[in-house]
């Protein structure tokens, strides 16, 4: 079982998200704590902010993992736009 930790940027982004999506995101993060590599988890290439992403509707959870310490670092939560991955 992993432990999810939020960066300051991720906390700030999470607070700006509508409540309905906050609940969905919270559920997904709980599932990520069980298995961060479950289906739907995409490994990002050439993206400096995070190593993985998970999609929830129009939002993306961007995160890194530390398998030795069993930690998931939520780097940011962003609404998908044309500039999300640039």
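No value in this document is a laboratory result; all are computed from the given coordinates. These numbers come from a predicted model, not from an experiment. Virtual Cβ from ideal backbone geometry, glycine too; neighbours counted across all protein chains shown.
Where does the chain land at 222 nm, in deg cm²/dmol rounded to the nearest 500, when only DSSP H runs of n ≥ 4 count, each adding -39500 (n - 2.57), divided by all residues?
Working: 2 runs with 25 residues, N = 86.
Theoretical 222 nm ellipticity from helices: -9000 deg cm²/dmol.
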In nanometres, the difference between 0.36 nm per residue of separation and the alpha-carbon distance of residue 80 and residue 67 is 2.0 nm
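Could you work out the relative contact order of the chain? I mean the mean sequence separation of Cα pairs under 8 Å and 6+ apart, divided by the number of residues, in percent.
Values: 128 pairs, mean separation 29.8, N = 86.
Taking the mean separation of contacting Cα pairs over the length of the chain, I get 35 percent.
Using the beta-carbon distance between residue 3 and residue 46 and R0 = 35 Å, what value does 1/(1 + (r/R0)^6) give for FRET efficiency, to the nearest 0.05? Can you show the working numbers first?
Numbers: r = 28 Å, r/R0 = 0.79.
The value I calculate is 0.80.
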The Cα extents of the chain along the principal axes, largest first and rounded to whole Å, are 33, 29, 26
Residues of the range 50-67 with backbone N under 14 Å of the label point set 7 Å from the Cα of residue 37 along Cα→Cβ are 52, 65-67
Checking 47, 59, 14 against a Gaussian network model of the chain (alpha-carbon springs below 10 Å), the top fluctuating residue turns out to be 47
